[in-house]
Structure formats: structure tokens, C-alpha cells
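Have a look at this one.
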Amino acid sequence: MIKTHQAVNTQAADHQAANDVTDSPLQDLTIGFIGAGNMATSIICGLVSSGLSADKIFVSNPSPDKLNALAKRFETLNTSRDNQWVAKQADVLVIAVKPQKIAQACAGFTTLDWDNKCVISVAAGVTCNSLQQLTRPQVAIIRSMPNTPATIGYGATGLFANTYARQIDKGIAEAVFNCVGSSIWVEKESLMDVITAISGSGPAHYFLYLESVIEAAIRHGLDPDIARQLATQTALGAAALAQQNTNIEIQQLRHNVTSPGGTTAAAVEVLIEKALPQTIADAITASVNRGQQLAKIAESDLNAQLKSTKSS
Ligand SMILES: NC(=O)c1ccc[n+]([C@@H]2O[C@H](COP(=O)([O-])OP(=O)(O)OC[C@H]3O[C@@H](n4cnc5c(N)ncnc54)[C@H](OP(=O)(O)O)[C@@H]3O)[C@@H](O)[C@H]2O)c1
């Protein structure tokens, strides 16, 4: 048990050192967060552990509890319940509220000076077009889709930049998300729905697999703690092998551990016979489709809210 725990912690420490921001453009900037929930907290923790001074960070949230918890953890962090004040202080503004709260959270933002500011949104399904309506038509916007492993520095974040985002804005967004894992760009905004299905929702797919393996191991007599330790370390090891050997096809890595007529082959044959690959493909398609539907709902809700704000 202890050995596994140490292995994970060592990797997390390496990750933080690799994403040191002391020499990045972030050092000269202030970064604001609208919303102090799970995702904002993960990113703030990642930024501070990567070397950003907490006094460069501004955070707003309606209820004080989360702000107080953050202020207790990082003494020099700037907290407020005033979103506009935080937006004014920030060179880089991270919008980290639920999609249905975004219109309310960004109320009055159109009157702010957006010159030289860049907006990073983590809100699932909220398009650059909507974010431009909430801020300014020509503002640099970066949409992101992180995932929950970001809380321990193992996040996988997909990024998309609108045409107004400059190279420096993109570098800033990468620096932010590399503090909580790794990031990757896509060139088409519509691919954000695929990223949501693969990495945003992805941890749940792997958890379901782990749950099933652990339950089966327990049914075959293994102690639950041992089953969990073995299953999780195996998942971590398999992912690391695949990640560190990009020159080897993943199918080849599978063949490397599958001797004909052996124990692995017996399991893989059942998985293929029971159509696991097709089931996963169907699940991803369902997730992409749902993401597209939710994005449409978020867009029309937002437009309705914007219209009612303009007419009142
Ligand atoms: N969690 C994930 O795995 C994940 C992954 C990818 C993307 N995202 C996206 O990240 C965003 C945030 O998710 P989350 O999991 O961090 O949610 P969360 O924990 O619920 O955080 C949202 C925060 O927004 C605050 N808020 C609500 N109304 C606000 C307003 N008018 N002004 C300022 N702040 C306001 C909430 O404050 P109160 O609680 O005090 O009301 C809450 O602290 C969502 O858009 C989600 O789509 C999340």
C-alpha cells in the first residue's frame, strides 16, 4: 500500500516541478477567477504550487465560505464577492461557473475595458460566440475542457482559441492548465464536444472499469483493499506505458502481454466477444451527442437571458 502511495506522490512532485511557472509569462500577470468552485480551486492550487504568487490571484464567488477557505489556505490571495471588481483587476480572467450561471456571473462585463485582457472559460458547452457577447465582440477567448484529475495534477485539458487570441494568450492558457496536468489544442470549436466525451467525462469510464475489475476480484476471493490497490496501480501503469511509448501502437502493447492460449488472451477474447470495443464506441457517440444537445440548450438559455437583460 505505502509503496503505491509513494509512487503516485513522486509522480505528482515531478509533474509540479516540470510545470514550474516562475519563468512563464504568467509571472507578470494578474489572474482572476469568476467562481471559486471545484475547478477554480484545483487550478488555483496548481498555480500556487507551480510557483505563482497568491497575491497575483483574484477570486470572486457569491457565498463567502469557499472564498474564506481559499483565503485561509493562501493568505495573500485576493477574494471578493464582486465579479466586476475581479474582472477589472485581471489580465487573464478564468470563468469557472456552471453554464446556467454564466449570464448572471458576467452581468455588466460588456462595459469593462477588455483591451489586453484574455478570457479563459471552463464552462462546458458555452461557445466563444456567447462569451464574446458577454464581454466584447473582439476579445481573446480560450475555451477549455479540463477534468477532475486536475485536482491532483493529473488533468487532461482540451483547449480551443478564437481568432482574436494571440500566441501569447495561448501560451498563458497552456501555462495555466499545465499546472494541473497536460493540455492540448484543437483547431475546430466543435471538437470541444468530443473532448468533453473523451477526457471531461473520461474519468467516469475508467472508474466504471475499475469498479467492475475490483468487484470481480473480490468475488474471486481477493481482499477489497488489495483488489483496489492492484487494479488502480495496473491502470496507472498501463496508462503510463502507453503514454511513454508513443512509438508503439497501443494494440501492440496489448499484444505484448497477450500470449496465445494464456490467461490474458482468455480475458481479451471474452471482452471482444461481448463487444467491449463497440460498446465503448457507442458510449462515446452518446456522450458527444449529449454534449452537442447540452451546448445548444446552454446557447439558447444564454441568448434568452441576454435578451431579457437588454430589454429590462
Ligand atoms: N468539475 C469538472 O470535472 C469539470 C470539468 C470540466 C469543466 N467543468 C466546468 O467548470 C465549471 C465549474 O464547474 P465546477 O465543478 O467547479 O462547479 P462548482 O464547484 O459548482 O463551482 C461553480 C462556482 O461558481 C460559483 N457561482 C455561482 N454563481 C456565481 C456568480 N453569479 N458569480 C460568481 N460565481 C458564481 C458557485 O458559488 P456558490 O457555490 O457559492 O453558489 C461555485 O462556487 C462548469 O462550467 C463546468 O462545466 C467542470
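Return yes or no: is Pro62 at pLDDT below 95 and out of contact with any strand residue (DSSP E or B) (no Cβ under 8 Å at 6 or more places or on another chain)? Don't jump to the end; show me each part of the working.
Values: at pLDDT below 95: no; out of contact with any strand residue (DSSP E or B) (no Cβ under 8 Å at 6 or more places or on another chain): yes.
Considered against the rule, which asks whether it is at pLDDT below 95 and out of contact with any strand residue (DSSP E or B) (no Cβ under 8 Å at 6 or more places or on another chain), Pro62 comes out as no.
Only one residue in Ser63, Ser80 is touching a residue at least 12 places away in the same chain (Cβ under 8 Å), hydroxyl-bearing (Ser, Thr, Tyr) and over 26 Å from Asn303 (Cβ atoms). Which one?
Matching residue, one of Ser63, Ser80: Ser80.
Just one of Ser183, Ser190, Ser201 is of a type outside the set (Asp, Glu), surrounded by 11 or more Cβ atoms within 10 Å (Cβ to Cβ), on the phi < 0 side of the Ramachandran plot and touching a Phe, Trp or Tyr at 6+ places or on another chain (Cβ under 7 Å); which is it?
Ser183
Additional query: When you scan the range 104-201 for helices (runs of 4 or more DSSP H) that lie fully inside it, which ones turn up with 2 or more residues that are away from the ligand (no atom under 15 Å from the Cβ) and closer than 18 Å to Leu26 by Cα?
Fully inside the range 104-201 and qualifying: 167-178.
Going through Ser42, Ser49 one at a time, which residue ends up being more than 15 Å from the ligand (Cβ to nearest atom) and within 20 Å of the chain's Cα centre (by Cα)?
On the way: Ser42 fails: more than 15 Å from the ligand (Cβ to nearest atom).
The conditions single out Ser49.
Mind listing whichever residues of the range 19-39 are within 13 Å of the ligand (Cβ to nearest atom) and of a type in the set (A, V, I, L, M)?
Answer for the range 19-39, where residues must be within 13 Å of the ligand (Cβ to nearest atom) and of a type in the set (A, V, I, L, M): Ile34, Ala36, Met39.
Is it the case that Ala87 is open to solvent by less than 20 Å² (accessible area, probe 1.4 Å), in contact with a strand residue (DSSP E or B) (Cβ under 9 Å, 6 or more places away or on another chain) and touching a residue at least 40 places away in the same chain (Cβ under 8 Å)?
yes
Each row is one residue, and each column tells you yes or no for (1) farther than 20 Å from Pro277 by Cβ; (2) in contact with a Ser or Thr (Cβ under 6 Å, 6 or more places away or on another chain).
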residue	(1), (2)
Tyr164	yes, no
Asp169	yes, no
Ser182	yes, no
Ser201	no, yes
Ala204	no, no
Gly221	yes, no
Thr234	no, no
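Now for a separate question. What number of residues within the range 20-37 satisfy the criterion of being open to solvent by 10 Å² or more (accessible area, probe 1.4 Å) and assigned to a strand (DSSP E or B)?
From the range 20-37, those open to solvent by 10 Å² or more (accessible area, probe 1.4 Å) are 20, 22-25, 27-30, 37; that's our starting set.
Checking the rest, the ones that are also assigned to a strand (DSSP E or B) come to none.
Qualifying residue count for the region: 0.
Now for a different question. When residues of the range 210-260 are filtered for being under 25 Å from Gly155 (Cβ atoms), among the β-branched types (Val, Ile, Thr) and open to solvent by less than 80 Å² (accessible area, probe 1.4 Å), how many remain?
4
Against the definition (open to solvent by less than 10 Å² (accessible area, probe 1.4 Å), within 24 Å of Met145 (Cβ to Cβ), out of contact with any Lys or Arg (no Cβ under 8 Å at 6 or more places or on another chain) and at pLDDT below 95), how does Ser50 come out, yes or no?
So Ser50 passes the test.
The values are calculated or read from the model by the stated rules, or taken from the named source; none is laboratory data. Treat the numbers as computed from the prediction; the structure is a model and nothing was measured. Backbone-built Cβ (ideal geometry, glycine too); neighbour counts: all protein chains shown. For the accessible areas, the whole protein counts, side chains as well, though only heavy atoms, and no ligand, DNA or RNA atoms are used. Shrake-Rupley method; radii C 1.70, N 1.55, O 1.52, S 1.80 Å.
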